[in-house]
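These notes are about the structure you will find just below.
All of the numbers you see were taken from the coordinates with simple rules; none came from a lab. Since we're looking at a predicted model, the values are computed, not measured. Neighbour counts run over all protein chains shown; Cβ positions are idealised from the backbone, glycine included.
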Amino acid sequence: MTPPDKIDKREQILQAAEQLFAEKGFDGTSVRDIAHEANVNLAMISYYFGSKEKLLESLIEQRFRISIGILEELSNDQSLSAWEKIDRLIDYYVERMVTNRRFHNIMNQEYNTDRSSEIKDLITRIKLQNLERIKGIIVDGQRQKLFRPVDIELTLGSIMGTIAQVTSLRKLYCNLLQIDNTDEASYSNVVIPRLKVHLKQLMRAHLDIKNEA
């Protein structure tokens, strides 16, 4: 088994890197900055990860590993209806993306740079795996005659894009929703329930077979 202190140090480094990458960007953050923030020796980062690029890859893989398991369990749960799965899916992604806003900002930054095809390929591969599981939930709902025929890929874009818009443009939405921009808790407390209600209403209107023209 891995010694607890080894896990703790590795996680300290990942948390520090996540914070600094989100605040200063990948290019604006040095390995020395990460070591200082994590309160570890500079050589420890090289020992665990090898390089700043490999550290970012590890951060992406670790943060997405949980979502892969949750989506797989949700899609295979025969006790839930397709509508219940959609509702739980929305709950999960809203909470995950709003409360982990810094991490998703990192993803957007890295995906829109030309620096590393390996990191882009990693993000693409993981996102596609997750989206295929969500697509399967919608297809099952269509087979059960609960959901009408829709453009599934763009339906997924509507869900994820709405959440991404609100989380990436936090300052704008704080102004629109009259939230204190300096208070992260107030932002989450207002945005999370509103996003959940909005997206569930949107999917009811969009997917329900009763609305088929």
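Where is the GNM fluctuation largest for the chain (alpha-carbon springs, 10 angstrom cutoff): M97, M107, M44? Of M97, M107, M44, the Gaussian network model singles out M44 as fluctuating most. Quick one: Cα centre-to-centre distance for the stretch 78-113 and the stretch 146-181, in angstrom? Centre-to-centre distance over Cα atoms comes out at 11 Å.
Cβ-to-Cβ counts within 10 Å put T182, T113, T162 in ascending order as T182, T113, T162, the fewest first.
By the rule of a C-alpha distance below 19 Å, with chain neighbours fewer than 8 residues away ignored, the aspartates and glutamates paired with K120 are E18, D27, E53, E57, E61, E110, E132.
As a rough footprinting exposure proxy, the listed residues I123, I66 were ranked by other beta carbons within 10 Å of their own, and the order from fewest upward is I66, I123. Which of rounded, prolate, oblate describes the stretch 74-131, given a ≥ b ≥ c as roots of the alpha-carbon gyration tensor eigenvalues and a/c under 1.5 marking rounded, otherwise prolate only if a/b is larger than b/c? The shape class here is oblate. Applying the Kirkwood pairwise sum to the alpha-carbon positions of the stretch 152-213 produces a hydrodynamic radius of 12.9 angstrom. Comparing mean-square fluctuations of L14, L202, L55 from a GNM of the chain with C-alpha springs under 10 Å, the top value falls on L202. Between E95 and K135, the distance separating the two model label sites (each 7 Å from Cα on the Cα→Cβ line) works out to 2.7 nm.
For the chain, the longest principal axis of the Cα atoms and the long axis of helix 117-143 meet at an angle of about 20 degrees. Among Y48, Y187, Y93, determine the one that fluctuates most according to a GNM of the chain built with springs between C-alpha atoms less than 10 Å apart. Between Y48, Y187, Y93, it is Y48 that shows the largest mean-square fluctuation. By its C-alpha gyration tensor, with a ≥ b ≥ c as the square roots of the eigenvalues, how is the chain shaped: rounded for a/c under 1.5, else prolate for a/b larger than b/c, else oblate? Prolate, since a/c reaches 1.5 and a/b exceeds b/c.
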